[in-house]
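Enquirer: Sending over a structure as structure tokens; questions will come in a sec.
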Amino acid sequence: GAVVSQHPSWVICKSGTSVKIECRSLDFQATTMFWYRQFPKQSLMLMATSNEGSKATYEQGVEKDKFLINHASLTLSTLTVTSAHPEDSSFYICSATGGAGVLGETQYFGPGTRLLVL
Amino acid sequence: GENVEQHPSTLSVQEGDSAVIKCTYSDSASNYFPWYKQELGKRPQLIIDIRSNVGEKKDQRIAVTLNKTAKHFSLHITETQPEDSAVYFCAASKGFKTIFGAGTRLFVKA
């Protein structure tokens with residue numbers, strides 16, 4: 001149980017284009033989903049937290065107009081990197097939790113999306 | 001806000017030896033401490049977790065200890081095997097907020 005999928009697994013795009021990444025919880029309803037960015041040999045950097053039907057909460061320093069997050073249902077969240085530039089190239093990972101957030105919640109991670117902007 | 005420090009950044013052990021990774025956290029309200037294993041190019045996988053009302057938890061070769069007073073928790077892997085080689089992340093969580101340590105790259109030499 002607790003499987004999270006992510007699509008696409010990798011994408012190469014030209015500078016200036018937009019890229020959409022999907023994150024789905026396959027066997028549970030995700031009350032909250034998270035989007036992380038990970039640079040090579042570094043830790044997971046939280047970009048934003050999203051709840052179904054409400055606006056995402058972005059971490060300090062993350063441009064919400066650059067990284068658009070939509071959490072349309074309890075099983076789907078999308079991250080759109082708008083007008084991508086080479087510095088946006090990274091490994092993007094989503095995670096999901098089905099809990100209420102009261103006692104601290106286990107996050108289940110997607111397989112990640114490797115984005116390369118040329 | 002919460003800050004999680006993890007040591008060492010790199011750890012190399014001989015197959016069969018034990019490995020210990022240590023983390024400290026700053027927010028005494030954190031109440032959930034998961035450990036994740038990430039192999040190269042793959043997703044982080046939860047390997048063990050502990051809640052603040054428990055001092056120790058064990059699952060086969062893996063154990064985690066928590067000292068709330070010192071705000072310190074550790075991962076212990078016994079009888080290490082080459083397939084244990086990966087990056088390990090500790091994390092401290094309060095509600096939905098989870099802060100990850102910087103990671104420990106573990107090498108298990110056959």
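Every number here is computed from the coordinates shown, using simple stated rules; none is lab data. Nothing here was measured: the structure is a model prediction, and the numbers come from that model. Every residue, glycine among them, receives a Cβ derived from its backbone with ideal geometry; neighbour counts consider all protein chains shown.
Enquirer: Can you give the average number of partner chain beta-carbon atoms within 10 Å of each beta-carbon in peptide B:102-109, as a whole number?
Expert: Working: counts 4, 5, 0, 1, 0, 0, 0, 0.
If you average over the peptide's residues, the count of other-chain Cβ atoms is 1.
Enquirer: Now a separate question. In peptide B:89-96, what is the residue-averaged number of other protein chain Cβ atoms found within 10 Å of each Cβ?
Expert: On the way: counts 2, 0, 4, 1, 7, 3, 8, 14.
Mean partner shielding for this stretch: 5.
Enquirer: Another question about this same structure. Rounded to the nearest 5, what % of DSSP beta bridges with both residues in the protein assembly as shown are antiparallel?
Expert: Numbers: 74 of 83 bridges.
Once the DSSP bridges in the protein assembly as shown are tallied, antiparallel ones form about 90 percent.
Enquirer: Loop-only check: which trypsin sites (Lys or Arg not before Pro) in region A:48-98 are DSSP coil with at most 12 other Cβ within 10 angstrom? Intermediate results must be reported in sequence, preceding the final value.
Expert: Numbers: sites: A:LYS55, A:LYS64, A:LYS66; in loops: A:LYS55, A:LYS64, A:LYS66.
Those that pass, being in a loop and sparsely packed, are A:LYS55.
Enquirer: Run the lone-cysteine check on chain A: no other Cys C-beta under 4.7 Å from the residue's C-beta.
Expert: Within chain A, the cysteines lacking a partner Cβ under 4.7 Å are A:CYS13.
Enquirer: Residue by residue through B:44-57, how many Cβ atoms from other chains fall within 10 Å of the Cβ on average? Mind dumping the intermediate values first?
Expert: Values: counts 10, 2, 5, 0, 0, 2, 0, 2, 2, 1, 0, 0, 0, 0.
Averaged over the peptide's residues, the number is 2.
Enquirer: When only alpha-carbon atoms are used, what values of Rg and Dmax, in angstrom, describe the protein assembly as shown?
Expert: Taking only Cα atoms of the protein assembly as shown, I get Rg and Dmax of 17.7, 52 Å.
Enquirer: Loop by DSSP (not H, G, I, E, B), at most 16 other beta-carbon atoms within 10 Å: where is the longest site-free stretch of chain B for trypsin sites (Lys or Arg not before Pro)?
Expert: Values: sites that count: B:LYS42, B:ARG61, B:LYS68, B:LYS71.
By the stated rule (loop sites, at most 16 other Cβ atoms within 10 Å), B:1-41.
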